[in-house]
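What follows is a single structure, written as structure tokens, with notes after it.
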Amino acid sequence: MFDTEEWIEVARSSDVREGVPFAVEVTGTPVALYRIEGQLYATSDICTHEEARLTEGFLEGCNIECPLHAACFDVTTGEAFGPFTDIDLKTYPVRQEQDRVFIRME
Ligand code: FES
């Protein structure tokens, strides 16, 4: 077991389906969860260009495309590429314990 004081439970494992971005709000912060090839990832849900929600965008492989102006980010690293922004997304450590998903906000 891990130190649950540092980790915040944010979803059920079954909520985060393969290839389908899942939005959660964690202590007032919009966070996007992703499952890619079985592995969980967590990033900010807000595009670094303007205020668009990335979970309303398009996920292809490990890349999410913003629904507003099509900036792209690698959700495994947060790296920005493509048009409109070169500011990377914040990423969060994420882990799964049985049917519970936790992230660490830091
Ligand atoms: S708001 Fe995301 S690319 Fe403009």
Sulfur and carbon atoms: percent of accessible area, the chain [1.4 Å]: 45 percent
Per DSSP, loop GluC sites (Glu not before Pro) in segment 16-45 with at most 15 further Cβ within 10 Å: Glu37
For segment 88-105 and segment 22-79, distance of Cα centres in Å: 13 Å
Pair-distance profile P(r), taking every C-alpha pair of segment 1-48, with 10 angstrom steps and integer %: 24, 52, 23, 1
Those trypsin sites (Lys or Arg not before Pro) in segment 14-75 that DSSP places in a loop and that have at most 13 other beta carbons within 10 Å: Arg17
Full-stretch length increase - Glu56, Leu68 - with 0.36 nm per residue and alpha-carbon distance subtracted: 3.4 nm
FRET E, pair Gln98, Glu6, Förster distance 30 Å, beta-carbon r, rounded to 0.05: 0.95
Extension gain from Met105 to Glu37, taking 0.36 nm per residue of separation minus the Cα-Cα distance: 22.1 nm
Listed residues Thr48, Thr85, Thr29, most fluctuating in the chain (Gaussian network, C-alpha, under 10 Å): Thr29
The chain: mean projected area of Cα convex hull, nm²: 6.2 nm²
Solvent-accessible heavy-atom area per residue, rounded to whole Å², over the chain at 1.4 Å: 55 Å²
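The values are calculated or read from the model by the stated rules, or taken from the named source; none is laboratory data. If you're wondering where the values come from, they're calculated on a predicted model, not measured in any experiment. Cβ atoms come from the backbone with ideal geometry, glycine included; neighbour counts cover every protein chain shown. Please note that ligands, DNA and RNA were not included when accessible areas were found on the heavy atoms of the full protein model with its side chains. Shrake-Rupley method; radii C 1.70, N 1.55, O 1.52, S 1.80 Å.
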